[in-house]
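To start, the structure under review is shown below, and the notes come after it.
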Amino acid sequence: MRAVTWHGKRDVRVDTVPDPSLKEPTDAIIRVTSSGICGSDLHLYEVLGPYLDVGDILGHEPMGIVEEVGSGVTSVAAGDRVVIPFNISCGHCFMCKEGLQSQCETTQNREFDKGGSLFGYTRLYGEVPGAQAEYLRVPQAQFGAIKVPEGPPDDRFVYLSDVLPTAWQAVEYSGVQPGGSLVVLGLGPIGDMCARVALQRGVDKVIGIDVVPERIERTRHFGATTLALDDDDDITETVRDITGGRGPDAVIDAVGMEAHGAPIGKLAHQMTSLLPDSLAAKLMDRAGVDRLSALHLAIELVRRGGTVSIIGVYGGMTDPLPMMTLFDKQITLRMGQANVKRWVDDIMPLLTGAGDPLGVDAFATHHMGLEQAPAAYDAFQRKANGTVKVLLHP
């Protein structure tokens, strides 16, 4: 089959690789019809090379048609249309029953002291072959596979794999109630969807902040108040003016380690790319290598007693935090990989009911063939050509 593979920093290729096959009774094989490129994939493209091997298959946002199932899979059958969550979870362990499927004890990666396995995402998370490919082996398919109806295009359902539950969890973790106020930092795919989910759930003031004009316009068009970070000398005062002088009830950090305008963090990222993999991995495991601009801004913006919900990915072990401010303002921090299956039942009625309240049908800015993946990664990384969300179609 053809698949998108990693070959080095900013070097992804489409190679011919062996077809996947069933290995366990709980496996399924799907023929992929759509697979997204995620902002997290850019961390592999740029920073996380020390944890990848040449030829690793990327991607973790798929949907498709079931081709074959193992003897332990009864919830789906050949011919079913399914979405596959990016995290691999069993559904029956303690963590899964607690609704923390991203921490699944069956697929935890104890060698690296990490949570449940992820598709296409480094040795740290199981080195499971990813979904930007013609076919995908799905471990734990007896629980993970989400059956969706025939009819609507893939765009209607594919975001159940990651974007929708990730944004839903970020808003849920923010704790903002209807009538409240919320700032979303970073209006890439996840931040944009966070704003849409918050508006759908009745949050009164949703303020999106970014530096890319096309992303700002997308979120403004959907109904949020938007601010351009570069155009405002004192974004904190502007936000306070909009929120009654005290700041928003919560801030979602949808940026993570790729924060704009963070020279120290940028230098750390560049240093890791210059070191041999073994040394770079040790640096990332033991040092503060993240660009923390967005997180520091979130802490500054949020009102006293408010919540910062972190959904952007961070990778450093000793990143410095302003503990005095966090303590003094009595800020709550919530964060973590999305527990996809926990939120599916809440989201599905918005996809199968009347209308398209979250705007998923037109959410992708680019639809491209699998062979165009290298160009798609390059455009997404550079934020060129209005690229916000790419769906690849094998």
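The values are calculated or read from the model by the stated rules, or taken from the named source; none is laboratory data. Everything quoted here is computed from the prediction, not taken from an experiment. So basically every Cβ, Gly included, is an ideal-geometry build from the backbone, and we count neighbours across all protein chains shown.
Within region 36-65, if we keep just the residues that are assigned to a strand (DSSP E or B) and in contact with a helix residue (DSSP H, G or I) (Cβ under 8 Å, 6 or more places away or on another chain), the residue that is nearest to PHE380 (Cα to Cα) turns out to be ILE37.
Here GLY369 does not fit the description of being assigned by TED's automatic domain parsing to the domain that holds GLY244, exposed (fewer than 15 other Cβ atoms within 10 Å of the Cβ) and at pLDDT 95 or above. Residues of region 336-355 that are in contact with a Ser or Thr (Cβ under 9 Å, 6 or more places away or on another chain) and in a loop (DSSP other than H, G, I, E, B): GLY336, GLN337, ALA338, ASN339. Screening region 210-244 for residues that are part of a helix (DSSP H, G or I) and polar (S, T, N, Q) and picking the one that is nearest to VAL388 (Cα to Cα) gives THR219. Of the residues that make up region 327-335, is at least one surrounded by fewer than 17 Cβ atoms within 10 Å (Cβ to Cβ), under 21 Å from the mean Cα position of the chain (by Cα) and not in a strand (DSSP E or B)? Checked against the condition, which is being surrounded by fewer than 17 Cβ atoms within 10 Å (Cβ to Cβ), under 21 Å from the mean Cα position of the chain (by Cα) and not in a strand (DSSP E or B), region 327-335 yields no hits at all. Any residue at all in region 104-121 that's modelled with pLDDT under 95, in the same structural domain as LYS383 (by TED's automatic domain parsing) and closer than 24 Å to LEU22 by Cβ? Yes: one or more hits. Evaluated against (1) in contact with an Asp or Glu (Cβ under 9 Å, 6 or more places away or on another chain); (2) at pLDDT 95 or above; (3) over 14 Å from GLY179 (Cβ atoms), VAL211 falls short on exactly one condition, (2). Within region 213-256, the only residue that satisfies the criterion of being of a type in the set (Asp, Glu), touching a residue at least 12 places away in the same chain (Cβ under 8 Å) and surrounded by fewer than 14 Cβ atoms within 10 Å (Cβ to Cβ) is ASP230. Given the criteria of a type in the set (A, V, I, L, M), within 19 Å of the chain's Cα centre (by Cα) and either in a loop (DSSP other than H, G, I, E, B) or surrounded by 22 or more Cβ atoms within 10 Å (Cβ to Cβ) (or both), does LEU392 qualify? Against the criterion (of a type in the set (A, V, I, L, M), within 19 Å of the chain's Cα centre (by Cα) and either in a loop (DSSP other than H, G, I, E, B) or surrounded by 22 or more Cβ atoms within 10 Å (Cβ to Cβ) (or both)), LEU392 qualifies. When region 69-106 is limited to residues that are in contact with a strand residue (DSSP E or B) (Cβ under 7 Å, 6 or more places away or on another chain) and not in a loop (DSSP other than H, G, I, E, B), the one that is surrounded by the most Cβ atoms within 10 Å (Cβ to Cβ) turns out to be GLN101.
Selection over region 375-389 of residues that are of a type in the set (A, V, I, L, M), free of Cβ contacts under 8 Å to residues at least 24 places away in the same chain and not in a loop (DSSP other than H, G, I, E, B) gives a count of 2.
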